[in-house]
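The values are calculated or read from the model by the stated rules, or taken from the named source; none is laboratory data. None of these values were measured; they are calculated from a predicted model. So basically every Cβ, Gly included, is an ideal-geometry build from the backbone, and we count neighbours across all protein chains shown.
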Amino acid sequence: MKKRALGFIALGAASALLLSACGGSDGGGTGSGDAPGEFNQGATEVVNPSDATGGTLRYAINDDFDSTDPGNTYYGFSWNFSRYYARTLVTYKTEPGAASSEIVPDLAEEMPEPSDEAKTWTVKLKQGLKYEDGTDIVAEDIKYAIARSNYGGQLSKGPEFFAQLLDEDDYKGPYEDDDLDNFTAIETPDDHTLVFKLKESFSEFPYVLLQPQTAPVPAEADNGEQYQTSVLSSGPYKFDGDYEPGVKLNLTRNEEWDAESDPIRTALPDNITVELGVDQDEIDQRLVNGQLDVDLAGVGVGPAMKGQLVGDESKQAFLDNPPSGALRYVNINNTVIPDVACRQAIMYAANRDSLQRAWGGAIGGDIATQLMPPQLPGADNDYDPYPSEDNTGDLDAAKEKLKECGEEDGFSVNIAAREGRDNDIATAEALQESLSRVGIETSIKSYPASDFATQYAGSPDYVKDNDLGLIVLGWIPDWPTGYGFMKSIIDGRSIKDSGNYNMAEFDNKEVNDLFDESVETVDDDERAAIYTEIDKIVMEEAAVLPVVFDKGLLYRPENLTNVHFSNGFAMYDYMTLGTTNTE
Amino acid sequence: MLTYILRRLGAGALLLGIVTMVTFVIFYGVPRMAGQTVEQLAAMYVGRAPTPAAIEATIERLNLDQPIAVQFWEFLKGIFIGADYQYGRDIVHCSAPCFGYSFQNNTEVFGEIVKRLPVTFSLAIGAGVLWLIGGVAVGVVSAIKKGSIFDRVAMGVALAGVSMPIFFTGLLALAFLVHSWKILPNASYTPFTENPVAWASGLFLPWVVLAFLHAAQYARQTRAGMLETMGEDYIRTARAKGLKERTVVLKHGLRPTLTPILTIFGLDIGLVLGGAVLTEQVFSLNGIGRYAVNAIAYKDLPVVLGVTLFGAIFIVVCNLLVDLLYPLVDPRVRAAH
C-alpha cells in the first residue's frame, strides 16, 4: 500500500514536471501577426517606428564578443553594440539610407576640425558628460583610452590605426609607462579639448575617431584585459552584473546618461539582454517565433532558415535583403599571371551568372562589375569594362586576349579557396568551369581559413611556389570610403611577407599615388572622384575579378520597433531599436 | 579493502599524470615539431591585425619561447601552486588549481569550467537517472516477457535510439516539440537552487534526448544479462523454495546483472560530465562541452587542454567510484578482497 502511494506520488511529480514543461512561456510576440513592413523596407526606411519606452530587448548570437572592452575589439557587431555603454567622439548618423554612413558628433561638440593640411585634428567635447558613477568625462580619459588600446601590445584584438597615424614613435603604452605626458601625439590643453597630431595628412581621420577606442576610460578604472568584465559606462546603458564570456551580457539603464547630450541613441528599452553561444538554427527559429528580437551578429539568418524563408510568401514582409558591405571577389595574382592580357582573358571568360549562383543567386548578392560596393562614395555602378550577354562571359573576347598574351591554347593555374567556406569553394568551382571554356585549366586548392592569410594565400612566397594565380576572398571595409575599402587590398605598399591581403600583389604606381593624393584631399567629392579613378585602373589592369556584392537575409520580428539598416555598420542600427517585448 | 582502495587511487593519479603530459605535448609540442614558429602560435591569441608588439607580449606571457619541458613544468606548477598573469598593469594570481588562461576571452580556464559545471552536472544527473532507470526497467521486462510484442517493440525502439545521433534526435525534437507544436519550452538552464521547477522543465528535453541515446544500450545489456541469469540453477532453486517471482527477478536475477551495467554507467557519466558536446551544442546549453567546442573553433589551446584534463579527471573519478561500489553490489567482489 505504501509502495503504491509512492508510485502515485512519483506519477504526480512526473506529470507536474511535464505540465510545467509544456506550459513554458514564449514571451514576446507570437510571430504570427501582421508584418510591420514590406520586403527589404528596412534597408532604406525605418520600419515599425515607435517612441514607446520600456521592455527588454533580447539579443542572441552564435558566437561571442571578441571583447566587450571598447578598446579591445574589431568585430563589427561589437562596435555597433558597444555604443550602448561606450560613447565615442563621433559615430554614424542614426538615419536610414545613404545618411547612415555619414559621420556625426557623439561625445564631440561638433565635427573634428582639420588644420595643417589635415595633419592636425582638433576635437572639442560636449560639456557636462558623465560616467555611470557620476564623475565627469574629461579629454584626458579619451587620450588614455587611445593609449591603452594602441600602444604596448597588451590589448591586441582591435586595430591600431592610431599607432600607425599618430606622430608618436617611442611611447610604450600606459601599462609600461604610467606618465601619460610621454604620449605627446595627443594634447589635452583643457578638459574638453583634444588635439591629434599625425605623421602625415589624413583626410579620413574622422573615421578613425569613430572607433570604440575613442570611448573614454579613466586610468583608475582600467584593469587591462579584465576591464571587459565591467566597463564604466558613458552611454545610456550600463552593465547589469558582470559580462560572462560565452554565456551572457545584460545591460540596464544608466541614470547618469543625459539624453539631451545625445541625439544618436533613442534608448527605448529598459533592459537589454544578450545570450551568447546560441546555436544559429535556434536563433533563427526564435526570431521567427517572436521569442528573440535581434541576432547580434547582424549578418542574417543561417542557411537552413534562409531556405525556408525564401520560399515562404507569408514571411517576405519580415525580411530585409540589404548589402552586407562586403565584396566577394577573386584576386588575379600579378606575379603568377604577369601579362595583363592573360588576366583580361580571365575577366572576359568568367561566367558572372554562374558565379552569382554560387553565392545563392540574387538573394545572396548582386553581380559586381567594379571593385567598390555601390553604397560607397565614388562607386560607379554602371561601369562594366568586361560586358557580356546575360553575364555569361564573352568567350570570343577572352580568346582574343589569350592570343594577345601568347597563350592561344590557354594555360594552367591554381585556384586557392578557404576550407569550410562553402560559397568560396562553389565560387572556385564555377570559375573553374567558366575558364575551361577557353582552355584555361585550373586546379582548386583549399586551405584552412584561419591560416589562409598568414601561411598560404597571404604569403607571396607560398603563392608563387604553388602557382596560386587565382585566390577567392571576401572583403569588408574598416570604414565606408574608397580608402577604407581598397587601400589594404590594392595599394602596392600593402603587400607583406605574411598576412598580406593585397593577394593580387597589384603594385601600380598610378594607383599608389592616387591613394596618397586622396589622404591629402579634404573635400569629400574630390576624394570620391579619386576613388572612382582607382577603381577603373584596377579593373582595366584586371587585378581583381569582382564576383558579387554580398547581401544578407535579415529577419525583422514584429516585436522589433524602429528598425533600419546602417550602411556604416552593415547591419541594423542597434542604437535606435525598441521592442514590444515586456517579458 | 584499504589496500584495494589505495591501489585504485594510485592508479587513477598515475593515469591523470600521463594524460596531462600527453595532452600537453599534443597541444604545445606537436605544432612546433610540425614546423610552426612561436610567432605563428602566438598569432592565434591576438586579434585580426596583430602587431609585432602584441605577438611579442603574447609569446612572453605564454612562455612560448621556452623549451617544451619548461612550459610543461610551468603548467604543472600552475595546477599545484597557482600562477601569475598580467592583466594590463595589474598582476593577478590565479590560485591552484590553475588550468591556464584563455587569451581569447581573457578568463581563467578553471574558473570558467567551474562556472559551467552545474549545467553539465545537471544535464548528466537528470539524463543519467532517466536512462539508468528507463533502460534497466525496459531490459528487465523484455527479458521476463521474451518474445512478446513488448519485447520486440522495446528492442526495436532501443535499436533506433542507439542508431540515431543526438544532432538528429535533438534537432527533430526542437523542430517539432518546441518550435512547431510548442509543447515544450526552449531548453535552458536555471540553477536548481533558484527555481527547481524551471531547472527541471528547462532541461527536460535535453534529458530525454540524451537518455534516449544511452537507455537503449542499457536495455539491451540488461535484457541479455537477465536472460542469462534467469536460466541459472540458483534461480530455479529460488523458485522451488517458493519465493515470490518479484523477489526472484529483482533480488536474484537483476543483482548480478547490475555489475556490468554499473561499469558502463560509470564510464558514461564520466564522459557526459567531461562534456556532453553534442547535446549542449544542439540545445545551446553553456556547459563544459560547448565551452570545448568553441575553444576548438578558435584554437584556444589552454581551454582545450583544461577541458580535456577535466574530462579525464571525471572519467578516472567515476571509474574509481564504480570500482569502490562493486563490493556493495556484488558480494563475490567483497569476498575476493
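Considering only the stretch A:192-232, state which residues are of a type in the set (S, T, Y), surrounded by fewer than 23 Cβ atoms within 10 Å (Cβ to Cβ) and more than 26 Å from A:P114 (Cα to Cα). A:T229, A:S230, listed by residue number.
Which one of A:A529, A:A543, A:A570, A:A504 is in contact (Cβ under 8 Å) with a residue 12 or more places away in the chain and on the phi > 0 side of the Ramachandran plot? Even if it seems obvious, please write down each step before you answer.
On the way: A:A529 fails: on the phi > 0 side of the Ramachandran plot; A:A543 fails: on the phi > 0 side of the Ramachandran plot; A:A504 fails: on the phi > 0 side of the Ramachandran plot.
Being in contact (Cβ under 8 Å) with a residue 12 or more places away in the chain and on the phi > 0 side of the Ramachandran plot holds for just one of A:A529, A:A543, A:A570, A:A504, which is A:A570.
Within the option set B:L2, B:L15, being touching a residue at least 40 places away in the same chain (Cβ under 8 Å) and either at the interface with chain A (Cβ under 9 Å from one of its Cβ atoms) or of a type outside the set (V, I, T) (or both) holds for one residue only, B:L15.
So which of B:G202, B:G253, B:G266 ends up being within 14 Å of another protein chain (Cβ to nearest Cβ) and in a helix (DSSP H, G or I)? Only one candidate passes the filter, namely B:G202. Which one is farthest from the other protein chains (Cβ to nearest Cβ) among residues in the stretch A:58-96 that are assigned to a strand (DSSP E or B), closer than 18 Å to A:V247 by Cβ and out of contact with any Lys or Arg (no Cβ under 9 Å at 6 or more places or on another chain)? That would be A:Y59.
Out of all the residues in the stretch A:99-114, which are of a type in the set (D, E, K, R) and within 12 Å of A:K126 (Cα to Cα)? Spell out the reasoning first.
Of the residues in the stretch A:99-114, the ones of a type in the set (D, E, K, R) are A:102, A:106, A:109-110, A:113.
Across the stretch A:99-114, the qualifying residues are A:D106, A:E109, A:E110.
Considering the conditions (1) without any contact (Cβ under 8 Å) to a residue 40 or more places away in the chain; (2) at negative phi; (3) over 25 Å from the mean Cα position of the chain (by Cα); (4) within 14 Å of chain A (Cβ to nearest Cβ), B:T58 is excluded by exactly one of them, (1). Residue pairs whose Cβ atoms lie under 6 Å apart, sitting 6 or more positions apart in sequence or on different chains, and linking a residue in the stretch B:246-261 that is charged (D, E, K, R) to a partner that is part of a helix (DSSP H, G or I), do not occur here.
Which members of the stretch A:116-154 meet the condition of being within 14 Å of chain B (Cβ to nearest Cβ) and part of a loop (DSSP other than H, G, I, E, B)? Outline the logic, then answer.
Residues of the stretch A:116-154 that are within 14 Å of chain B (Cβ to nearest Cβ), as a first pass: A:144-145, A:147-154.
Answer for the stretch A:116-154, where residues must be within 14 Å of chain B (Cβ to nearest Cβ) and part of a loop (DSSP other than H, G, I, E, B): A:Y151, A:G152, A:G153, A:Q154.
Among the residues of the stretch A:177-204, those that are under 32 Å from the mean Cα position of the chain (by Cα) and among the charged types (D, E, K, R) comprise A:E187, A:K197, A:K199, A:E200, A:E204. A:A317 - would you say it is within 14 Å of another protein chain (Cβ to nearest Cβ) and either outside any loop (DSSP other than H, G, I, E, B) or crowded, with 21+ Cβ neighbours inside 10 Å (or both)? Spelling it out, it is not the case that A:A317 is within 14 Å of another protein chain (Cβ to nearest Cβ) and either outside any loop (DSSP other than H, G, I, E, B) or crowded, with 21+ Cβ neighbours inside 10 Å (or both). Within the stretch A:300-308, the presence of at least one residue that is within 14 Å of chain B (Cβ to nearest Cβ), part of a loop (DSSP other than H, G, I, E, B) and surrounded by fewer than 22 Cβ atoms within 10 Å (Cβ to Cβ) is confirmed.
Among the candidates B:A53, B:A137, B:A42, the residue that is surrounded by fewer than 21 Cβ atoms within 10 Å (Cβ to Cβ) and over 30 Å from B:V209 (Cα atoms) is uniquely B:A53.
Among the conditions (1) within 10 Å of chain A (Cβ to nearest Cβ); (2) of a type outside the set (S, T, Y); (3) part of a helix (DSSP H, G or I), the only one that B:L210 does not satisfy is (1). Any residue at all in the stretch A:155-164 that is in contact with a strand residue (DSSP E or B) (Cβ under 8 Å, 6 or more places away or on another chain) and either closer than 23 Å to A:L210 by Cβ or within 12 Å of another protein chain (Cβ to nearest Cβ) (or both)? No, the stretch A:155-164 contains no residue that is in contact with a strand residue (DSSP E or B) (Cβ under 8 Å, 6 or more places away or on another chain) and either closer than 23 Å to A:L210 by Cβ or within 12 Å of another protein chain (Cβ to nearest Cβ) (or both).
Can you tell me how many residues in the stretch A:388-418 are in a helix (DSSP H, G or I) and either touching a residue at least 60 places away in the same chain (Cβ under 8 Å) or of a type in the set (D, E) (or both)?
Of the stretch A:388-418, the ones in a helix (DSSP H, G or I) are A:389-391, A:395-404.
The next check asks that each one be either touching a residue at least 60 places away in the same chain (Cβ under 8 Å) or of a type in the set (D, E) (or both); those that pass are A:389-390, A:396, A:400-402, A:404.
The number of residues fulfilling the criteria is 7.
Each residue in the stretch B:125-148 was checked for being modelled with pLDDT under 90 and either of a type in the set (V, I, T) or touching a Cys at 6+ places or on another chain (Cβ under 6 Å) (or both), and 1 of them qualify.
Going by the conditions given, is A:A139 small (G, A, S), surrounded by 21 or more Cβ atoms within 10 Å (Cβ to Cβ), at pLDDT 95 or above and within 24 Å of the chain's Cα centre (by Cα)?
Numbers: small (G, A, S): yes; surrounded by 21 or more Cβ atoms within 10 Å (Cβ to Cβ): yes; at pLDDT 95 or above: yes; within 24 Å of the chain's Cα centre (by Cα): no.
No; evaluated as a whole, the condition is false for this residue.
Restricted to the stretch A:290-299, and to residues there that are buried (at least 20 other Cβ atoms within 10 Å of the Cβ) and small (G, A, S), the residue that is farthest from the other protein chains (Cβ to nearest Cβ) is A:G298.
Could you please give the count of residues in the stretch B:222-238 that are within 22 Å of B:L267 (Cβ to Cβ) and either in contact with a strand residue (DSSP E or B) (Cβ under 6 Å, 6 or more places away or on another chain) or surrounded by fewer than 18 Cβ atoms within 10 Å (Cβ to Cβ) (or both)? Number satisfying all stated conditions: 2.
Within the stretch A:97-115, if we keep just the residues that are at pLDDT 95 or above and part of a loop (DSSP other than H, G, I, E, B), the residue that is nearest to the chain's Cα centre (by Cα) turns out to be A:D106. Residues of the stretch B:270-302 that are within 19 Å of B:M44 (Cα to Cα), in contact (Cβ under 8 Å) with a residue 24 or more places away in the chain and facing another protein chain (nearest Cβ under 10 Å): B:Y291, B:A295, B:Y298, B:K299.
Please tell me if B:V197 is assigned to a helix (DSSP H, G or I), over 20 Å from the mean Cα position of the chain (by Cα), within 12 Å of another protein chain (Cβ to nearest Cβ) and of a type in the set (A, V, I, L, M). Yes: the conditions hold for B:V197.
The residues of the stretch B:279-299 that are closer than 17 Å to B:V114 by Cβ and assigned to a loop (DSSP other than H, G, I, E, B), listed by number, are B:L285, B:N286, B:G287.
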